[in-house]
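The values are calculated or read from the model by the stated rules, or taken from the named source; none is laboratory data. Source: prediction; values computed, not measured. Please note: Cβ atoms are built from the backbone with ideal geometry, for glycine as well, and neighbour counts cover all protein chains shown. When the accessible area is computed, the model is the full protein with side chains, heavy atoms only, and any ligands, DNA or RNA have been set aside. Shrake-Rupley method; radii C 1.70, N 1.55, O 1.52, S 1.80 Å.
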Amino acid sequence: QVQLVESGGGLVQPGGSLRLSCAASGFTFSNYAMSWYRQAPGKERELVATLRTTGGRTNYADSVKGRFTTSRDNAKNTVYLQMNSLKPEDTAVYYCMTYYQSYTYWGRGTQVTVSS
């Protein structure tokens, strides 16, 4: 079955960097777009970035443009989210997501905390 497993979260100071990974299994990874979402305490889950399969096109939320970069390694069935210049408002649980055969699949998330 489809599984998505995030890793790489942690505590980082403002201005620091983290790289999140999402390992995928159970489907032909290279054929499907992958997205990153985040959810801060008391807030709704929001889309952070999407990486499509065609030409590696990406879309980012305005709040992370220029600071976050998503990429994929199809040989490793893994999608990444490189996060630079982190701000306290980036604190959230980060999830990866894919839409496969009419279902939306989520990982369990990884906590990112930006604090001094």
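Side notes on the structure shown:
- Between 113, 98, the distinction of being in contact with a Gly (Cβ under 8 Å, 6 or more places away or on another chain) and assigned to a strand (DSSP E or B) belongs to 113 only.
- Residue in region 67-75 that is under 17 Å from residue 111 (Cβ atoms) and surrounded by 12 or more Cβ atoms within 10 Å (Cβ to Cβ) present: yes
- Within region 21-66, the set of residues being farther than 14 Å from residue 107 by Cβ and charged (D, E, K, R) comprises 43, 44, 46, 52, 57, 62, 65.
- Residue satisfying all of: in region 20-55; aliphatic (A, V, I, L, M) and without any contact (Cβ under 8 Å) to a residue 60 or more places away in the chain; nearest to residue 69 (Cα to Cα) among these: 49
- Some residue of region 84-92 being among the aliphatic types (A, V, I, L, M) and surrounded by 14 or more Cβ atoms within 10 Å (Cβ to Cβ): yes
- Counted residues, region 93-116 - those being open to solvent by 70 Å² or more (accessible area, probe 1.4 Å) and more than 18 Å from residue 31 (Cβ to Cβ): 4
- Scanning region 1-25 for residues that are touching a Lys or Arg at 6+ places or on another chain (Cβ under 7 Å) and open to solvent by 50 Å² or more (accessible area, probe 1.4 Å) yields a count of 1.
- Within region 26-61, the set of residues being open to solvent by 20 Å² or more (accessible area, probe 1.4 Å) and in a strand (DSSP E or B) comprises 37, 39, 46, 47, 58, 59, 60.
- Being under 19 Å from residue 34 (Cβ atoms), at pLDDT 95 or above, part of a strand (DSSP E or B) and touching a Ser or Thr at 6+ places or on another chain (Cβ under 6 Å) is a property that residue 80 has.
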